[in-house]
Amino acid sequence: MTGRENHMAYLEGMEAIDSDLMEKVSALVETYDYQQVTGADVQRALRQERLSIKDYAAILSPAATDYLEEMAAKAAAATRRHFGNSIQMFTPLYIANYCENHCVYCGFNCHNRINRGKLTLTEIEAELKAIAATGLKEILLLTGESRHQSGVNYIGEAVKCAARYFSTVGIEIYPLNSDEYEYLHACGTDFVCVYQETYNTDKYEQVHLRGPKRIYPYRFHAQERALRGGMRGVAFGALLGLGDFRKDAFAVGLHAYFLQQKYPHAEISFSTPRLRPFINNAENNSNDVHERQLLQVMLAYRLFMPFAGITISTRERAGFRDHVIGMAATKISAGVSVGVGGHTAEEKGDEQFEIADPRSVVEVHQMILGRGLQPVYTDYVRV
Ligand code: SF4
């Protein structure tokens, strides 16, 4: 790729599926003017049992920031109704950090001089064993986005190994065609995380300068291809602060909502990453998405899609994570290392971003209990 490709046109080898989701989401996001929302609109939205798209737009607006307490109470009740007391625990494992993309906001980008590495299958197994020894039963494997360095077969072997130690295996890798998702599902993958970063296509083009990720529609349709490939679950997210976070959060919710309508069996979940500093770019931080705004987004996701999972990552500080579990979040990471490997020996590659909550599995477990909630290690049994 030269870096000048039309970001809306598929490249050779990229599967184009017949789906109108992108157009549906774009049309609604384009007309979303959150400045027009009034307090009365927010109050009406909060009186509804099930929120409409218009209600969802209202609770994501600046006017809704005066109603965060009401939103929190309603969200906590919805979380309790659909998830009980349970908080799912997991940890991510970076098995590689090679990347072919130039995303201007990320420390793994192909122009950033960092230590790159990739675990061998023996090293992956050692990492998995060490993590499994902490009691965790769910793992998320991450690679960075390099099809050349971390091919689908390499990921498939890593998944097969992970499935021997964990009851749930997720992957956060580069987007694939549906037959490749089918292969990784057969290897033991349960769910796929793909974050669109921003749904503003102009902004998307500006921050994705080079690499396959530059192609917006191929990324947008990744979750649908994953479901067609047989995956049980898919996760959505925007990198809040990269574009207009209210519009991006609105788009994330709509993307998930329309996909859920089309694939009712799909297990949907949300992540809420914000920009974080990274190696060689310590200043990279979101100026406008503070914890209050982040909380608003999480509450809005919960109220709009009450049955969807919400994950809170170690990008956020411990106090905030503890506060949102049970209220909106249903899944929390623990014992996290965001370098390549790091659970058994020295990390083999640098970290993608700085973590704000270094607590161990035991510490997070105790915190969950202390909040009157139930740490859950597995809610799925392989047969
Ligand atoms: S955000 Fe993902 S694709 Fe972009 S540079 Fe980082 S690891 Fe690579």
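The values are calculated or read from the model by the stated rules, or taken from the named source; none is laboratory data. Quick caveat: nothing in here was measured; it's all calculated off a predicted structure. FYI the Cβ positions are ideal-geometry reconstructions off the backbone, even for glycines, and counts take in every protein chain you see. Heavy atoms of the whole protein, side chains included, go into the accessibility calculation; ligands, DNA and RNA do not. Shrake-Rupley method; radii C 1.70, N 1.55, O 1.52, S 1.80 Å.
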Tell me which residues, restricted to the range 177-218, are among the aliphatic types (A, V, I, L, M) and more than 22 Å from TYR380 (Cα to Cα). VAL207, LEU209, ILE215
Of all residues in the range 191-236, which are in a loop (DSSP other than H, G, I, E, B), crowded, with 24+ Cβ neighbours inside 10 Å and either without any contact (Cβ under 8 Å) to a residue 24 or more places away in the chain or within 15 Å of the ligand (Cβ to nearest atom) (or both)? THR198
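Considering each of ILE279, ILE268 in turn, give the residue that is among the β-branched types (Val, Ile, Thr) and modelled with pLDDT of 95 or more. First the steps, then the outcome.
Working: ILE279 fails: modelled with pLDDT of 95 or more.
Answer to the selection: ILE268.
For ALA162, state whether it is out of contact with any Leu (no Cβ under 8 Å at 6 or more places or on another chain) and among the hydrophobic types (A, V, I, L, M, F, W, C).
no
Suppose we filter TYR154, TYR165, TYR105 for residues that are away from the ligand (no atom under 11 Å from the Cβ), aromatic (Phe, Trp, Tyr) and closer than 30 Å to LEU209 by Cα; which single one remains? Please lay out each step first, then the result.
Numbers: TYR165 fails: closer than 30 Å to LEU209 by Cα; TYR105 fails: away from the ligand (no atom under 11 Å from the Cβ).
The match here is TYR154.
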Of the residues in the range 299-338, those that are crowded, with 22+ Cβ neighbours inside 10 Å, of a type outside the set (Gly, Ala, Ser) and under 18 Å from ALA45 (Cα atoms) come to LEU299, TYR301, ARG302, LEU303, PHE304, MET305
Flag if ASP41 is acidic (Asp, Glu), at pLDDT 95 or above and over 25 Å from VAL324 (Cβ atoms): no
Could you list, ordered by first residue, the pairs with Cβ atoms under 8 Å in which the first is in the range 293-312 and among the charged types (D, E, K, R) and the second is open to solvent by less than 10 Å² (accessible area, probe 1.4 Å), at least 6 apart or interchain? ARG302/ALA75; ARG302/ALA78; ARG302/THR79; ARG302/ALA308; ARG302/ILE310; ARG302/ALA328
Checklist (1) among the β-branched types (Val, Ile, Thr); (2) open to solvent by 50 Å² or more (accessible area, probe 1.4 Å); (3) within 15 Å of the chain's Cα centre (by Cα) applied to THR344, failing item: (3)
Please give the number of the condition ALA133 fails out of (1) within 16 Å of the ligand (Cβ to nearest atom); (2) surrounded by fewer than 22 Cβ atoms within 10 Å (Cβ to Cβ). (1)
Search result, residues across the range 134-154 that are touching an Asp or Glu at 6+ places or on another chain (Cβ under 9 Å) and of a type in the set (A, V, I, L, M, F, W, C): LEU140, LEU141, LEU142, VAL152
Scan the range 338-355 and give yes if some residue there is touching a Phe, Trp or Tyr at 6+ places or on another chain (Cβ under 6 Å) and at pLDDT 95 or above, otherwise no. no
The correct count of residues that are among the hydroxyl-bearing types (Ser, Thr, Tyr), over 16 Å from HIS221 (Cα atoms) and in contact with a Ser or Thr (Cβ under 8 Å, 6 or more places away or on another chain) in the range 165-194 is 2
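Any residue at all in the range 95-109 that is within 29 Å of ALA158 (Cβ to Cβ) and of a type in the set (Asp, Glu)?
To start, the set of residues in the range 95-109 that are within 29 Å of ALA158 (Cβ to Cβ) comprises 95-109.
Restricting the remaining residues to those that are of a type in the set (Asp, Glu) gives 100.
Yes; the residues of the range 95-109 include at least one that is within 29 Å of ALA158 (Cβ to Cβ) and of a type in the set (Asp, Glu).
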Failed item, numbered, when ASN97 is tested on (1) touching a residue at least 60 places away in the same chain (Cβ under 8 Å); (2) surrounded by fewer than 19 Cβ atoms within 10 Å (Cβ to Cβ); (3) polar (S, T, N, Q): (2)
Are any residues in the range 100-128 open to solvent by 50 Å² or more (accessible area, probe 1.4 Å) and polar (S, T, N, Q), and if so, which ones? ASN115, THR120, THR122
